[in-house]
Amino acid sequence: MDQIDGNFEVTNLICATLLFIHEVTKDSLRSTSLSRNFTSTHTFLETFSELCFSDVTGILRDSRVPHILLVDIQRSLHALNKSLAAHREAWRYVGVASEVKRQETIKKSSTISADVNGQKKKWRDEMKQRSQIWKERASRSANSALFEQEEMEFLINACNKWVNRLRHTLQIVLLVAGEVSPHFPTYEQSSHLGIEHMLERQRRLGLRPSDSYLPLEGQLRKSIGSAQQATGLMKTVYSRHGDEIDVMIELRPYSDTPAGAIRQLTWYLSSSIPLAEQSATPEPQDGYEQLTLQCLGYIDDPSNARSLVLYRSPKSHPWASSPPFLHDTIKKGWNTKPSLGHRYQSARTLAATVLDIHTSGSLHSNITSRSVVMLPRRFNDPEPSPYLIGWGVEPPQSDSPLPLEPNLYRHMSQFGRGSQLLTTEQDIYSLGVVLLEIGLWTTMSTVFAKLLESTPRFGTKEEKGIFKKVNRVILDLAYSVDLRREMGEKYAAAVKKCLEWEQDDAVESMLEFRKQVVDVLDVGCKI
C-alpha cells in the first residue's frame, strides 16, 4: 500500500468514527452547532478524499506535488485519527456481534457512481445500527466519558484544528499543481472544502481584468475634497441605482499608485467574495484565512489625480466615525494596551493573513502598522481585530528622495528603491516589525523619532547606511529582555524568526511559517 492509499484508508476510518459520534449524540447534545460541526467535518473529509485520493483524478497523484506536502497531509490525518481513537474503538466494539463490510471496500473512483452512493448509504445505515446498539448496551459511565458535552467540545476543537491544517495544505497543493481540470474541483466541492475564495484568487493571479470590470459609477454621500490627506479610512455611504451601502474609502494618489495598477489590484481583491455573495459580509474564520475588508471596487477621480478604493463597512462597525489604524491605537499609550491574550490574537491574525496571501500566490508588499485597521469582528466584541489593507503596488519611477517612515518596516532587498523583485521574505520581515510594535506596544515612529526628525527623506546613496542603522536597532529590540518579559519566549522567538527569515523553497517556506510563526502565536491566544 502506497502513501496515498494509506491516507485514503485513514480518512475512511475518521469518516466512519464521525458518523458514529454524530448518530450517538445528535439527540443528546445541548448545542446543535456541535452536531453541525461533526457533519461539516465529515463532509469536508469525504470531499477531500474524493479530490485528493481518487485513482484517476486524485490531485495528490500528480508528480508535481512535492513530497513534503504528502507528508504534511499524512501527519494531519494521523493526528486527527489519533484524537478520535477512543470513539473509534467504541464503534468497533459494538460491531463485533455483526461484522460488516468496512468502508474501505468502497471502490475508489474519479466519479461517484450510483453504486458507490449505495455503498455509502449502506455504511451510514450500519453506523446508525451501531450507534443504537451502543445506546442500548453501553454503561452510563462509558457513555458519559466518551460523549458528554465537554468531551464533544474538545473533539470539535481537534477536528477544526486539523481540518484547517488540511485545508491550508490543499490550497498549497492547488497553487503548485493547479486544478485537475477547469471543472474539477466543482464549485460544490470547493464550497464543501472552504476553498472557493482562495481558488478564485489563485485563478486571477497574473490575469488581466476582464473588459467588463470598470470603475464604479455611483455617488458618495460625503464628498472628499482634493485637500484630503491620503491617510486613514473615511466612512461614508455609496449610492447606486437607489441602493445604499455603508463603505470605507481608501485614497490612492496616482503619484503612489497608477490608475491601471489600482484596477488590477481591486479586481484581484474583489475575488475574495463571489459576486453572488457580494451583498453579505463574510464571517471571519479561525483557521489560516486572511482577515481583510471586502473590496467593492474603485472610483476613478482624475480631476484630483487619485483613485478611491471602496470597502464594504462591516456590520460590526455601524458608527459614523472612521476606524483607527493599529499605529494610532498603539500611539495612545499603555493605558489603552489590550490584554496579553488579545495582543497574541492580533499578532496571530496578522500572521495568518500574511500566510493566506502567500498561499494564494500573491504578496502584500506594504505591511506596516499604518496599513492595519482595527475593527471589531462582531458587534459585541470587546476588543477590535486587525484588518490588513493598503496593499502595495510598484510605484512610478522617480528620482525624488524617499520617505523614511514606511521604509522602517522594509526588508533590506526592499528598502529605499531596492530590488524590483518582490518576495515573501519581504512581507514576513515587515510582519516581524509590526509584531515587535504589538509586543512592546510602541511604534517605529516613536523608536526612530530622532532619526525621522533629522532625516525624514533619504536618497539612493544613503540607503545602505540607513538600513543598517535601522535594522540593528530593530534586531536589538527583538532580542531584548523587554520583549521576552512583556510577551514571553515564544512570542519573541516568532518575531526573531520573521526578522531573520530565510527559506529558498517556496512550499517549505509556507509550511515552516505556519509552524514556526502562526501556530506558535496561536498558543498565546488562549491566555
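The values are calculated or read from the model by the stated rules, or taken from the named source; none is laboratory data. What you are looking at is a predicted structure, and each value in this text was computed from that prediction instead of being measured. Here Cβ is always computed from backbone atoms with ideal geometry, including for glycine, and neighbour counts include all displayed protein chains.
Tabulated data
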{"read-out": "Matching residues, the stretch 138-194, being basic (Lys, Arg) and closer than 28 Å to residue 28 by Cβ", "value": "140, 161"}
{"read-out": "Of all residues in the stretch 351-363 being of a type outside the set (S, T, N, Q) and in contact with a Ser or Thr (Cβ under 8 Å, 6 or more places away or on another chain), the one that is surrounded by the fewest Cβ atoms within 10 Å (Cβ to Cβ)", "value": "363"}
{"read-out": "Residue list for the stretch 470-527, restricted to those being surrounded by 19 or more Cβ atoms within 10 Å (Cβ to Cβ) and closer than 23 Å to residue 449 by Cα", "value": "470, 474, 477, 478, 483, 495, 499"}
{"read-out": "Residues located in the stretch 461-483, provided they are touching a Gly at 6+ places or on another chain (Cβ under 9 Å) and basic (Lys, Arg)", "value": "464"}
{"read-out": "Qualifying residue in the stretch 343-357 (condition: farther than 23 Å from residue 269 by Cα and over 20 Å from the mean Cα position of the chain (by Cα))", "value": "no"}
{"read-out": "Flag for residue 271 being at pLDDT below 90 and outside any loop (DSSP other than H, G, I, E, B)", "value": "yes"}
{"read-out": "Qualifying positions in the stretch 292-324 - within 20 Å of residue 381 (Cβ to Cβ), within 20 Å of the chain's Cα centre (by Cα), crowded, with 18+ Cβ neighbours inside 10 Å and in contact (Cβ under 8 Å) with a residue 60 or more places away in the chain", "value": "292, 293, 311, 312, 313, 314"}
{"read-out": "Index of the failed condition, residue 392 passing every other in (1) closer than 24 Å to residue 248 by Cα; (2) of a type in the set (Gly, Ala, Ser); (3) surrounded by fewer than 24 Cβ atoms within 10 Å (Cβ to Cβ); (4) touching a helix residue (DSSP H, G or I) at 6+ places or on another chain (Cβ under 8 Å)", "value": "(4)"}
{"read-out": "Hits in the stretch 1-21 - residues which are assigned to a helix (DSSP H, G or I) and charged (D, E, K, R)", "value": "5, 9"}
{"read-out": "Answer residue from the stretch 189-220, given it is of a type outside the set (A, V, I, L, M, F, W, C), farther than 16 Å from residue 265 by Cα and touching a Lys or Arg at 6+ places or on another chain (Cβ under 8 Å) and is surrounded by the most Cβ atoms within 10 Å (Cβ to Cβ) among those", "value": "194"}
{"read-out": "Conditions (1) in contact with a helix residue (DSSP H, G or I) (Cβ under 7 Å, 6 or more places away or on another chain); (2) aliphatic (A, V, I, L, M); (3) in a loop (DSSP other than H, G, I, E, B): number failed by residue 90", "value": "(3)"}
{"read-out": "Matching residues in the stretch 162-188 - criterion: being more than 17 Å from residue 46 (Cβ to Cβ), among the charged types (D, E, K, R) and either surrounded by fewer than 16 Cβ atoms within 10 Å (Cβ to Cβ) or at pLDDT below 95 (or both)", "value": "179"}
{"read-out": "Residue satisfying condition, being part of a loop (DSSP other than H, G, I, E, B), β-branched (Val, Ile, Thr) and either touching a Leu at 6+ places or on another chain (Cβ under 9 Å) or over 28 Å from residue 403 (Cβ atoms) (or both), within set 367, 357", "value": "367"}
{"read-out": "Pairs, first farther than 11 Å from residue 351 by Cα in the stretch 420-443, second surrounded by fewer than 19 Cβ atoms within 10 Å (Cβ to Cβ) and hydrophobic (A, V, I, L, M, F, W, C), C-beta under 8 Å, six or more apart", "value": "422/363; 423/363; 424/363; 424/506; 426/363; 441/334"}
{"read-out": "Residue within the stretch 56-65 that is assigned to a helix (DSSP H, G or I), at pLDDT 90 or above, out of contact with any Leu (no Cβ under 8 Å at 6 or more places or on another chain) and closer than 22 Å to residue 83 by Cα present", "value": "no"}
{"read-out": "The stretch 403-429, residues that are touching a helix residue (DSSP H, G or I) at 6+ places or on another chain (Cβ under 7 Å) and not in a helix (DSSP H, G or I)", "value": "408, 409, 410, 411, 412, 413, 414, 415, 416, 417"}
{"read-out": "Matching helices (runs of 4 or more DSSP H) fully within the stretch 126-228 where at least 1 residues are more than 30 Å from residue 246 (Cα to Cα) and in contact (Cβ under 8 Å) with a residue 60 or more places away in the chain", "value": "140-147, 149-177, 187-193"}
{"read-out": "Candidates 73, 133 - the one that is modelled with pLDDT of 90 or more and surrounded by 15 or more Cβ atoms within 10 Å (Cβ to Cβ)", "value": "73"}
{"read-out": "Residue that is touching a residue at least 24 places away in the same chain (Cβ under 8 Å) and under 19 Å from residue 421 (Cα atoms), where the choices are 350, 363, 340, 375", "value": "363"}
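One line per residue, one yes/no per condition, for (1) farther than 20 Å from residue 125 by Cβ; (2) buried (at least 19 other Cβ atoms within 10 Å of the Cβ); (3) at pLDDT 90 or above:
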site: 8; (1), (2), (3): yes, yes, yes
site: 23; (1), (2), (3): no, yes, no
site: 28; (1), (2), (3): yes, no, no
site: 39; (1), (2), (3): no, no, yes
site: 42; (1), (2), (3): no, yes, yes
site: 51; (1), (2), (3): yes, yes, yes
